[in-house]
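The values are calculated or read from the model by the stated rules, or taken from the named source; none is laboratory data. Since this is a predicted model, take the numbers as computed values, not measurements. Cβ coordinates were reconstructed from backbone atoms using ideal geometry, including for glycine residues, and neighbour counts include every protein chain displayed. Just so you know, the surface numbers come from the protein's heavy atoms only, side chains and all, with ligands and any DNA or RNA stripped out. Shrake-Rupley method; radii C 1.70, N 1.55, O 1.52, S 1.80 Å.
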Amino acid sequence: KASQWSPDGFALALVDSAVGVQVLTSSESTKEPLIVTIEDSPKNTQAFFWSPRASALVAIAPGTKGSQEPNVHVYKKSGNPDGSYVSQAAYCYPKLEKDKKVLAWTPDESYCARLLPDGKIEILNGLNLDSSEKLAELNLEKGAQAMEFAPMRARGSVKARLAVFIPDTRDDMQRVVGPAEVALWEFVSTGTGRQLQAVERVRADVSSGQLAELLWNSTGSALIAHCQTEVDESGQSYYGGSRLLFVSHDGEYKKDLTEGESPNGTSVQAIQWSPTRDEFILISGFQPAQAALWSWDEQVKKVAVAKVLLEKAHRNTIRFNQFGSLVCLAGFGNLAGQVDFFGRPEEENTDFIRVSSCQANCTVSAEWAPDGRHFLTAVLAPRMRVDNCVAVWNALTGARIDGMEFEELYEAQWRPEPPDSLRFLDISFEEIHGASKDLANSGTGEGAAPKKQAYRPPKARGEGASTVAAMMRGEVAAPDAEDRRARKPRQQRTREEEPPISEQSRTEPPPWSEHAPRAQAEEWNRQPSEPAEEKQPPTPLDMPPPPADNLLNSGGRQRLRSAPNEPPPPPSPAATSAATAAAAAAAAQQQQQQQQQQQQQQQQQQHQQQLQQQQMQQRLQEQQRAAAAAERQERSRQQQQQQLEAREAVANAIGFGRGAAGGGGVGINYAAAHAATARPQQQAQQGHQAQQQRQQQQQQQ
């Protein structure tokens, strides 16, 4: 499930779950490839990559937590005629992602940088990794996450240039407390012993970044660091945040390409340098994104947009051919699979023009052929479990020229050409101009999608005019009489054409008839059904001629005269039963309507009775409330009258006591006053008791 061609195309590394890592070696002298199995190689290898000159093969297996067993193995050629490989070094990385690069070589393989599990970086001899001697070590304050050597040759004392990315610092809540860093280191050899020293030349800060993709241009004079975060702190993107930092090798020019450059947002869909020029294409913004061509001028120290290739299009993939003359902009992955091919029309100017388009659905992997003219797309497992296939496209025409389907396909790659091969030549500018003209003549024109237009009804477009009106004006011919869709007139059948009725059907009623006994109905059901004889209607030759006395000549025309006093034919049992059923249905329907009307009348009467009862209760309650109020008023008036009389009696008693002599007179006066004051209270209690009795009687009623 893992394979990788060597850069020169002479060896193919693959894994067999039964024996381990195997290498298929081919040469120009032998037609059959030589298969070599590496001893003690991991059988669960999940990824391969080769050194730049194919002298070393790195096999990566998944790490095991808590285990010290190596899972990154480096193999080199033994030099024997059998083409065998031997183990050169092995390292343990318990937590290692599938695509993470922990070993990186310079283009000439003189030096190799190793990223340790704790984030430190050490420089080793690229041709002999098994030696324990370290040539240099980077002094990093924090652990690094990614590294990449510049594609440059040794110049004077500068032997190599390395880009290093250090992720940001976060707290327990995953909030950024320290920025990310991008550093450029140069390795120089000084002194008599020509010792290698690591010197930090450039350091640039990035606001945030947990992962990074380090991209050098073809000359190693500029670097683009594509920094990514798992969560977008601004909340604009569900897929995380992106930052693009452009840095020159000497640190004189630094620029954040995601600050206010794209009108569709700061999200970065894809970015890639041209393999031959100081140009790169950037697809930025939310979908539909913008694809723009950028140019880097090392003399002026400036990077700028040269041309916008696609203003708004669903694209997220960029692929240059090895010559840099054609580029593919496609929307793969979760997009629809639209593909556009652009070509360079001139050598001097920084420009690309669209030459063709195609549709490659469900594409997982895509790459250019070594000839630079054909493009390969593949639908791979396990990303896609169905429709696994490969397709080859002609980039100048956009046509699919070949393909193959598979039950399960895990990898699809072109075999590379050696770096010094002259087998294929670059595409000429005349071919690119011709393909662009053919595209314009085909009607698609420049751009990824047709321009949207306002809706116009068919009548305004000259389509769908009234067919009936055109036929009446004679502009359109009437439909043919033999048209099957035409509606045929209904033909009425006369009584003479009705089929004859047998005597059995006249005399024997059907079993469902009310007059048929039960036993007869059961016997009817037990009788086997006999197919009815199909009787053809009589032809005019078989019909007897009408009587002579019924023919009248009138103007040369003959017509039948109805016979006088001819009794009408008796109705058939089917018609009688149908009429009976219709009458029964009508009677049932009428009875049902009457029942519904009676139910409605009963409901209305009940509703009226309820309303009358409610009104009577309301009037009774109002009368009771009025009587109670009047009784309260009368009682209060009587109490006031009694109180006045009592006060007058007390006043008279007190005055009489004062006029009499002796203590006995005073006692009589007080007793009389007490009796006078107690009498109203007794009367009030009696009235209250009488009121309670009346209320009880009303409640009982």
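Among the residues of region 335-343, is any open to solvent by less than 40 Å² (accessible area, probe 1.4 Å) and more than 26 Å from V379 (Cβ to Cβ)?
yes
Restricting to region 398-411, name every residue that is touching a Cys at 6+ places or on another chain (Cβ under 9 Å) and either assigned to a loop (DSSP other than H, G, I, E, B) or open to solvent by 90 Å² or more (accessible area, probe 1.4 Å) (or both).
G398, A399, R400, M404, E405, F406, L409
Could you run through region 117-137 and say how many residues are more than 18 Å from L211 (Cβ to Cβ) and either polar (S, T, N, Q) or in contact with a Gly (Cβ under 9 Å, 6 or more places away or on another chain) (or both)?
5
Are any residues in region 319-347 closer than 14 Å to A395 by Cβ and part of a strand (DSSP E or B), and if so, which ones?
R319, F320, L326, V327, C328, L329, A330, V339, D340, F341, F342, G343, listed by residue number.
Do you know which residues across region 212-243 are open to solvent by 40 Å² or more (accessible area, probe 1.4 Å), assigned to a strand (DSSP E or B) and under 22 Å from P151 (Cβ atoms)? Can you show your working first?
Going through region 212-243, the residues open to solvent by 40 Å² or more (accessible area, probe 1.4 Å) turn out to be 213, 218-219, 228, 230-231, 233-236, 238-239, 243.
Then keep just the ones that are assigned to a strand (DSSP E or B); that gives 213, 228, 243.
Hit for region 212-243 is E213, nothing else.
Filter region 95-137 for residues that are out of contact with any Leu (no Cβ under 9 Å at 6 or more places or on another chain), of a type in the set (A, V, I, L, M) and farther than 20 Å from K77 by Cβ and give the result.
Passing the criteria: L96, L116.
What residue, among those in region 346-359 that are in contact (Cβ under 8 Å) with a residue 24 or more places away in the chain and farther than 17 Å from A291 by Cβ, is surrounded by the most Cβ atoms within 10 Å (Cβ to Cβ)?
In this case the residue turns out to be E346.
Yes or no: region 249-258 includes at least one residue that is of a type in the set (A, V, I, L, M) and assigned to a loop (DSSP other than H, G, I, E, B).
Yes.
Please note which strands (runs of 3 or more DSSP E) are completely contained in region 1-48 and include at least 3 residues that are open to solvent by 40 Å² or more (accessible area, probe 1.4 Å) and either without any contact (Cβ under 8 Å) to a residue 24 or more places away in the chain or under 17 Å from N80 (Cβ atoms) (or both).
34-37
Checking S248 against (1) of a type in the set (S, T, N, Q); (2) out of contact with any Asp or Glu (no Cβ under 8 Å at 6 or more places or on another chain); (3) buried (at least 18 other Cβ atoms within 10 Å of the Cβ), only one condition comes out false. Which one?
Condition (2) is where S248 drops out.
Quick test for you: out of E181, E186, E97, pick the one residue that is on the phi < 0 side of the Ramachandran plot, open to solvent by 60 Å² or more (accessible area, probe 1.4 Å) and among the acidic types (D, E). Spell out how you get there, then give the answer.
Values: E181 fails: open to solvent by 60 Å² or more (accessible area, probe 1.4 Å); E186 fails: open to solvent by 60 Å² or more (accessible area, probe 1.4 Å).
None of the other options fit; the residue is E97.
Given the condition of a type in the set (S, T, N, Q), buried (at least 17 other Cβ atoms within 10 Å of the Cβ) and farther than 25 Å from P419 by Cα, answer yes or no: does some residue in region 123-136 qualify?
No: region 123-136 contains no residue that is of a type in the set (S, T, N, Q), buried (at least 17 other Cβ atoms within 10 Å of the Cβ) and farther than 25 Å from P419 by Cα.
Collect the residues in region 347-390 that are over 17 Å from F320 (Cα atoms) and among the charged types (D, E, K, R), keeping them in residue-number order.
If the condition is that a residue be over 17 Å from F320 (Cα atoms) and among the charged types (D, E, K, R), then E348, R383, R385, D387 are the ones that fit.
Restricting to region 189-198, name every residue that is of a type in the set (S, T, Y) and exposed (fewer than 12 other Cβ atoms within 10 Å of the Cβ).
Those that are of a type in the set (S, T, Y) and exposed (fewer than 12 other Cβ atoms within 10 Å of the Cβ): T190, T192.
Looking at region 84-94, which of the residues that are open to solvent by 30 Å² or more (accessible area, probe 1.4 Å) and either assigned to a strand (DSSP E or B) or touching a Cys at 6+ places or on another chain (Cβ under 7 Å) (or both) is farthest from I60 (Cα to Cα)?
Checking each candidate, the answer is V86.
Condition test on A146, is it among the aliphatic types (A, V, I, L, M) and within 15 Å of A198 (Cβ to Cβ)?
No, not satisfied.
From the list R319, R277, which one is open to solvent by 40 Å² or more (accessible area, probe 1.4 Å), modelled with pLDDT of 90 or more and under 32 Å from the mean Cα position of the chain (by Cα)?
R319
Residue-by-condition table, conditions (1) of a type outside the set (A, V, I, L, M); (2) in a strand (DSSP E or B); (3) at pLDDT 90 or above; (4) closer than 14 Å to A90 by Cα:
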residue	(1), (2), (3), (4)
E109	yes, no, no, no
A113	no, yes, yes, no
G119	yes, no, no, no
E122	yes, yes, yes, no
E133	yes, no, no, no
K142	yes, no, no, no
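So which pairs qualify, if the first residue must be in region 148-167 and part of a strand (DSSP E or B) and surrounded by fewer than 22 Cβ atoms within 10 Å (Cβ to Cβ), the second must be among the charged types (D, E, K, R) and modelled with pLDDT under 95, the Cβ gap must be under 6 Å, and the two must be at least 6 apart or on different chains?
Within 6 Å, the pairs are V158/E186.
Need the failing condition index for D172 against (1) within 47 Å of the chain's Cα centre (by Cα); (2) part of a strand (DSSP E or B), just the number.
In the conditions (1) within 47 Å of the chain's Cα centre (by Cα); (2) part of a strand (DSSP E or B), D172 misses (2) alone.
Would you tally the residues in region 53-83 being assigned to a loop (DSSP other than H, G, I, E, B) and either on the phi > 0 side of the Ramachandran plot or open to solvent by less than 60 Å² (accessible area, probe 1.4 Å) (or both)?
12
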